[in-house]
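A.B. asks: Before I ask anything, here is the structure I am working with.
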Amino acid sequence: MQKELNKEQIISILQKYSPTKDNILKCLHELQDAHPQNYISKVILEETAKHFKLTKGQIFGIVSYYSMFSLKPRGRYLVRLCKSPVCNMLGAKSVTEYFDSKFNLKPGETTTDGMFTLELAECLGRCGKGPSMMINREVVTELDSKKIDEIINTKK
Amino acid sequence: MYNSFPKISLQRFGKINPQSIEDYSANGGFVGLKKALSLSPESIIDSIEKSGLKGRGGAGFPVGLKQKYTSGSSAENNIRFVVCNADEGEPGTFKDRMIMETDPFLLIEGMIISAYTIQATKGFVYIRGEYYASIENIKNAIKICYEKGFLGQNICGSGYSFELDIALGAGSYLCGEELTLLESLEGKRGYPRIKPPFPAEKGLWGLPTLVNNVETFSHIPFIVEKGHEEYSKIGTEGSKGTKLFCVSGNVTNTGVYELPMGITLKELIFDIAGGMKEGFEFKGALLGGAAGTFIDSSFLDVPLAYETLKEKGATLGSGAVIIIDDKTNLKEMMISILSFFKHESCGKCVPCRIGTTLLYERIKKPQLNENDFLWMQTQASYMVKNSLCPLGQSPDLPIKTVVKFFKNDL
Ligand SMILES: Cc1cc2nc3c(=O)[nH]c(=O)nc-3n(C[C@H](O)[C@H](O)[C@H](O)COP(=O)(O)O)c2cc1C
Ligand code: SF4
Ligand code: FES
């Protein structure tokens, strides 16, 4: 399985965007999504900086500010669990604990097989049916242990 | 009962294929825009002003007035922008997503009319990065609008031209604040700018910019098409039109409801949303999200409108209605709220950076006493006075109101 997003692939994504500054975040999203390890690698930082005529430090500053971007490799599947007040009230904490007890996965960690990373997120806009999470682009609501098992098993 | 109330933002909810411009047009779409393009920008602004429409993003600023300021600001080469705030990050709020997922052309139509009022040449829809379905829908709708002549050069043969694109957020609540949003749109870290100048004067790339919320834009076509008199028949004296209420908590039918301003909490929860789930008893609510106000059951008959809530020290905010029940752990909820502000503080100014951390540490203490309450309220007031941007001022309301109504639960 491919582990890196190579320079040619990066450049071909960058070239879809004109180098105006309003495109930076959009570009970074697309590059991160295309990376098999779901993160902004060094090569991505370098090439993005070149494309937008900024320094690597400037791109680093942008990437490190926004919580959706990661400078560390992550699993193939990124699980974002909402911990905001509504989901919290509806049991988000026990969902977090379930990930730990069943899959030995704590917030901020990645499973040893590199498949799943767990992150805690703020409100995902699915409060009506909390507790809620996202697994990559998919939304899962009204979480309980059965639902979590189901969704994790389909990804394994 | 719910269906008997007038609908604006959700008038086509579930009735059309959101990806189809044919469906949209066949169901009353673009009538407002076509009429607008035959009117003068001034007359439209005048009508929006008279309608009484206020911004739906939380602050409730009069929309027509903002359009007037923006169109009146001097602009280099006459370049002005329109930006839609679709960053929806206030906990408990999920209404803008509903519009974008079910009726994306409505948002675009509202934006084109608004752009025309200030003669903007370019616009952006700034959507939070996690809203994948909304992003796809809006992208698709923009593409189709270009193909059908509703965007780009010479819109519908009117001679007016307007370009529209999307921009993405990346997981920062603070970027929902309008000036911070513009910084982010310029590809920078989301640090707030000092106000004034307001976006109407110096916005995107330093040029006059009209920033409105998704729900706000969704009301514009109705006002232009049906007239401001028709619009202002809906709602209360000081709050015109309909509002999207986002009901969450242990309520039977949670979700987004479009209702006239002035509906009471009792009607909303017990008549429309099916009452409390079995085994749960209504205790109060958090209105407006993490930056909102707690209320208790004495508010059940207060009309949900800007002026009536303000009178009683509460706020409508973004329309989040988080219901609290007899089993809710309010201490946990406050910890979660203060942890939220601590996490979202950008750290640029000391009162907020340190203050949000101190408040979070204090609320975690077991068995808070009167001294703790006093200390927290003083700290929050200090932050109101000394923080650079509204985020640092936000913990004040939830703290004061939770102490007022529920201090025995802390
Ligand atoms: C911390 C913070 C977060 C905000 N988040 C949002 C948001 O997600 N969406 C929104 O429309 N307005 C948000 N606002 C309000 C905007 O600053 C601004 O008032 C709004 O976009 C104006 O549009 P309106 O007049 O149509 O409401 C936020 C304000 C603050 C201080
Ligand atoms: S008040 Fe908070 S969020 Fe606003 S500038 Fe200061 S530190 Fe940043
Ligand atoms: S509070 Fe969890 S999705 Fe909104």
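The values are calculated or read from the model by the stated rules, or taken from the named source; none is laboratory data. Treat the numbers as computed from the prediction; the structure is a model and nothing was measured. We place every Cβ from the backbone using ideal geometry, glycine too, and count neighbours over all the protein chains shown. Areas reflect the complete protein model, heavy atoms only, side chains present, ligands, DNA and RNA absent. Shrake-Rupley method; radii C 1.70, N 1.55, O 1.52, S 1.80 Å.
A.B. asks: Scan segment A:1-77 for trypsin sites (Lys or Arg not before Pro) in coil per DSSP, keeping those whose Cβ has at most 13 other Cβ atoms within 10 Å, and list them by number.
C.D. replies: A:Lys3, A:Lys16, A:Lys53
A.B. asks: If you don't mind, there's one more thing I want to ask. Based on Cβ point charges of +1 for Lys and Arg and -1 for Asp and Glu, what charge dipole magnitude is obtained for the protein assembly as shown about its Cα centre, in debye rounded to the nearest 20?
C.D. replies: Dipole about the Cα centre, nearest 20: 1100 debye.
A.B. asks: Compare the peptides B:396-402, B:264-270, B:122-128 by average per-residue count of other Cβ atoms within 10 angstrom and give them in order, highest first.
C.D. replies: Highest-to-lowest ranking by the protection proxy: B:122-128, B:396-402, B:264-270.
A.B. asks: In the protein assembly as shown, what percentage of the DSSP-assigned beta bridges are antiparallel, given to the nearest 5?
C.D. replies: Restricted to the protein assembly as shown, the bridges split so that about 50 percent are antiparallel.
A.B. asks: With everything on Cα atoms, drop me the angle between helix B:41-51 and the longest principal axis of chain B, reported from 0 to 90° to the nearest 10.
C.D. replies: That helix lies at roughly 40 degrees to the long axis.
A.B. asks: Another question, then. For chain B, modelled as a Gaussian network with Cα springs under 10 Å, which listed residue fluctuates most, B:Leu359, B:Leu368, B:Leu388?
C.D. replies: B:Leu368
A.B. asks: In the structure displayed, which of B:Lys7/B:Lys327; A:Lys53/B:Lys122; A:Lys129/B:Lys348 lie more than 30 Å apart, Cα to Cα?
C.D. replies: Listed pairs above 30 Å: B:Lys7/B:Lys327; A:Lys129/B:Lys348.
A.B. asks: Which percent of the accessible area of the protein assembly as shown is formed by carbon and sulfur heavy atoms (probe 1.4 angstrom)?
C.D. replies: That fraction is 52 percent.
A.B. asks: Here's another thing I want to ask about it. Note the buried accessible area between A and B here, summed over both chains, with a 1.4 Å probe, in Å² to the nearest 100.
C.D. replies: Summing both chains' loss of accessible area gives about 3400 Å².
A.B. asks: Can I ask one more? Per residue of A:66-75, count partner chain C-beta atoms within 10 Å of its C-beta, then hand back the mean as an integer.
C.D. replies: 3
A.B. asks: Run the lone-cysteine check on the protein assembly as shown: no other Cys C-beta under 4.7 Å from the residue's C-beta.
C.D. replies: When partners are defined as cysteine Cβ atoms under 4.7 Å apart, the protein assembly as shown leaves A:Cys27, A:Cys123, A:Cys127, B:Cys84, B:Cys145, B:Cys156, B:Cys175, B:Cys246, B:Cys346, B:Cys349, B:Cys352, B:Cys389 without one.
A.B. asks: So, one more: Sequence gap at least 6, Cα distance under 8 Å: using those rules, report the relative contact order of chain B to the nearest whole percent.
C.D. replies: The normalised contact order for chain B reaches 17 percent.
A.B. asks: Given the options B:Asn85, B:Asn140, B:Asn369, state which has the largest fluctuation in a GNM of chain B using a 10 Å cut-off (strictly under) for Cα springs.
C.D. replies: So, out of B:Asn85, B:Asn140, B:Asn369, the one fluctuating most is B:Asn369.
A.B. asks: A follow-up question, please. By DSSP, what percent of the beta bridges with both residues in segment B:2-231 are antiparallel, rounded to the nearest 5?
C.D. replies: Of all bridge pairs located within segment B:2-231, approximately 10 percent are antiparallel.
A.B. asks: Let me ask something else about it. Once you average over the residues of B:162-172, how many Cβ atoms of partner chains fall within 10 Å of each Cβ?
C.D. replies: Shielding by partners across B:162-172 averages 5.
A.B. asks: Relative contact order (percent) for segment A:77-155, with alpha-carbon contacts under 8 angstrom and 6 or more residues of separation?
C.D. replies: 37 percent
A.B. asks: Another question, then. Excluding same-chain residues fewer than 8 positions from B:Lys312, which lysines have a Cα within less than 24 Å of its Cα?
C.D. replies: Once the sequence-local lysines are set aside, what remains near B:Lys312 is B:Lys54, B:Lys240, B:Lys243, B:Lys266, B:Lys283, B:Lys331, B:Lys385, B:Lys400, B:Lys404, B:Lys407.
A.B. asks: For the protein assembly as shown, rounded, prolate or oblate, judged on the Cα gyration tensor with a ≥ b ≥ c (square roots of eigenvalues), a/c < 1.5 rounded, else prolate if a/b > b/c?
C.D. replies: Verdict is rounded for the protein assembly as shown.
A.B. asks: While we're on this one: Based on alpha-carbon centroids, what's the gap between segment A:29-43 and segment B:102-124 in Å, whole number please?
C.D. replies: Here the answer is 33 Å between Cα centres.
A.B. asks: Could the peptides B:48-56, B:61-69 be put in order, highest first, of the mean number of other beta-carbon atoms found within 10 Å of their residues?
C.D. replies: Ranking, from highest mean packing down: B:48-56, B:61-69.
A.B. asks: Within the P(r) computed for segment B:330-409, what percentage of the Cα pairs occupies the region above 15 Å?
C.D. replies: The proportion of pairs with Cα distances above 15 Å equals 49 percent.
A.B. asks: Here is a further query. Going by accessible area, probe 1.4 Å, with all protein chains left in place, what is the ranking of B:Glu101, B:Glu229, B:Glu237, largest first?
C.D. replies: Highest to lowest solvent-accessible surface, that is B:Glu237, B:Glu229, B:Glu101.
A.B. asks: Given springs between every Cα pair under 10 Å in a Gaussian network model of chain B, which of B:Ser158, B:Ser318, B:Ser345 has the largest fluctuation?
C.D. replies: B:Ser158
A.B. asks: Moving on. Among the residues of segment A:1-48, which ones have their accessible area go down by 30 Å² or more when all the protein chains sit together, as opposed to their chain alone (1.4 Å probe)?
C.D. replies: Residues shielded by partner chains are A:Lys21, A:Asp22, A:Leu25, A:Lys26, A:His29.
A.B. asks: Going highest first, how would you order B:86-96, B:277-287 by mean Cβ packing within 10 Å?
C.D. replies: Ranking the peptides B:86-96, B:277-287 by packing returns B:86-96, B:277-287.
A.B. asks: Quick one: Kirkwood hydrodynamic radius for chain A, alpha-carbon pairs, angstrom, one decimal?
C.D. replies: For chain A, inverting the mean 1/r across all distinct Cα pairs yields 16.7 Å.
A.B. asks: Looking at segment B:112-153, which residues lose a minimum of 10 Å² of accessible area between their chain alone and all protein chains in place, measuring with a 1.4 Å probe and not counting ligands or nucleic acids?
C.D. replies: B:Phe124, B:Arg128, B:Gly129, B:Glu130, B:Tyr131, B:Tyr132, B:Glu136
A.B. asks: A:Tyr17 to B:Asn408: FRET efficiency via 1/(1 + (r/R0)^6), r the Cβ-Cβ distance, R0 60 Å, to the nearest 0.05?
C.D. replies: It comes out at approximately 0.60.
A.B. asks: For chain B, what are Rg and Dmax over the alpha carbons, in angstrom?
C.D. replies: 21.2, 68
A.B. asks: With unit charges on the beta carbons (Lys and Arg positive, Asp and Glu negative) and the dipole taken about the Cα centre of segment B:2-231, which residue among B:Gly157, B:Cys145, B:Gly57 sits farthest to the positive side?
C.D. replies: In segment B:2-231, that residue is B:Gly57.
A.B. asks: Take every residue in peptide B:313-322, count the Cβ atoms of other chains within 10 Å of its Cβ, and give the average of those counts.
C.D. replies: Shielding by partners across B:313-322 averages 1.
A.B. asks: Could you work out the relative contact order of segment B:2-231? I mean the mean sequence separation of Cα pairs under 8 Å and 6+ apart, divided by the number of residues, in percent.
C.D. replies: Here the relative contact order equals 31 percent.
A.B. asks: I'd like the accessible area for A:His29, computed on protein heavy atoms only with a 1.4 Å probe and all protein chains in place. Round to 10 Å², please.
C.D. replies: Using a 1.4 Å probe on the heavy atoms, I get roughly 10 Å².
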